[in-house]
Amino acid sequence: MFKSPGHIAFSFLSFDIHWYGIIMALAILIALFVIIFINKKYFKEISIDTICDLSFVLIITGLIGARLYYVILDAPYFLRHPFEIPMIWNGGISIQGAILGGIIGGYTYAKQNNLNFLKLADLFSFGLITGQIIGRWGNYFNSEAFGLPTELPWKLYIPYQLRPIEYRNYEFFHPTFLYESILNLIILIILYLILRKNNETMKNGLIFFSYLILYSIARLLTETLRVDSILNISNFHIAHIAAIVLILTGAIGLYKISQK
């Protein structure tokens, strides 16, 4: 059984340090190490300066995209509580929004510096999926991103005040954050195997477009269990729609590069 110890890790000089922030910082740091390792072993020609500069850009644009995506989808709440918009340490960021923000930031950086966007996207896909593996555990400490009620041995306890109204009488739910974290780990392994197999003849974009497809499939699977999604359209979670769009984008991208 999983049960969050709470969202606050400790207090320092009257400031509360949140587990969510710690997890996000750890995810970014480890993701950067993975990018540097993959680059040194397989890409080689991308400089460390470029990796560091682009990492900074992607962190900023990714966070902005992730938060704006969440805020826009839950606009009525944030219009009533505008001062909560920057409070990402309380949760409320979307990886699909982060992907969009990162693509915009990365494409802009590549164009400004005359670099190949797809090659950079291939490399940074390894960092992105690594960050997702770790970052999902921030949801655990915030008692969010959970699924339908369950009594399975790995069930997740959700405090009464955080349960959806229709599930207030249930205590335990599917830990969909854990499912997605495990699926992301599998995706990382698959991407690495693709890279290792095609290293000598790999076309730019193969890893990136494969990532878009694989992650979106994983998201579709976990989203079917989620009960805390913030917006539905005609009984479809908005995350489902975004995942389908990303799958189509990845499929079209793979088709395009296969024709070159």
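The values are calculated or read from the model by the stated rules, or taken from the named source; none is laboratory data. What you see is a predicted model; the values in this text were computed from it and never measured. Positions of Cβ are backbone-derived with ideal geometry, glycine not excepted, and every protein chain shown enters the neighbour counts. Please note that ligands, DNA and RNA were not included when accessible areas were found on the heavy atoms of the full protein model with its side chains. Shrake-Rupley method; radii C 1.70, N 1.55, O 1.52, S 1.80 Å.
Of note:
- Nonpolar atom fraction for the chain, defined as the carbon and sulfur part of the 1.4 Å probe accessible area, stands at 68 percent.
- Shown here: volume of the Cα convex hull per residue in Å³, derived from the displayed model; of the candidates (i) 162; (ii) 147; (iii) 118, it corresponds to (ii).
- Given their separation in residues at 0.36 nm each and the Cα-Cα distance between them, residue 154 and residue 193 gain 11.1 nm when the chain is fully extended.
- Working from label points 7 Å from Cα in the Cα-to-Cβ sense, the residue 168 to residue 241 distance is 3.0 nm.
- Over all other residues within a Cβ to Cβ distance under 13 Å of residue 105, the charged ones net out to 0, with Lys and Arg as +1 and Asp and Glu as -1.
- Charge-dipole axis of region 28-89 as Lys and Arg at +1 and Asp and Glu at -1 on Cβ define it, positive-most pick from 82, 65, 34: 34
- The angle between the Cα long axis of helix 117-135 and the longest principal axis of the Cα atoms of the chain comes to about 30 degrees, rounded to the nearest 10.
- As an equivalent ellipsoid, region 59-127 spans semi-axes of 28, 11, 9 angstrom, where each value is the square root of five times an eigenvalue of the C-alpha gyration tensor, largest first.
- Remark on region 48-171: Rg and Dmax equal 17.8, 57 Å (Cα only).
- Acute angle (nearest 10 degrees) that the helix 206-223 long axis makes with the longest principal axis of the chain, alpha-carbon atoms: 10
- Tilt relative to the chain, helix 95-112 - C-alpha long axis, 0 to 90 degrees, to 10: 30
- Inter-label distance, nm, simple model (7 Å from Cα along the C-beta direction), residue 81/residue 204: 4.4
- Cut-off 14 Å between beta-carbons: net charge of the residues surrounding residue 121, Lys and Arg +1, Asp and Glu -1: +3
- Burial ranking of peptide ranges 28-41, 138-151 (average Cβ count within 10 Å, highest at the top): 138-151, 28-41
- Highest-first arrangement of 239-247, 152-160, where packing means the average Cβ count within 10 Å: 239-247, 152-160
- The slack between residue 251 and residue 13, meaning 0.36 nm per residue of separation minus the straight C-alpha distance, is 80.6 nm.
- Computed over the chain: relative contact order in percent, which uses C-alpha pairs under 8 Å that are six or more apart: 21
- Local electrostatic count at residue 205 - Lys and Arg +1, Asp and Glu -1, tallied over other residues with Cβ under 11 Å: +3
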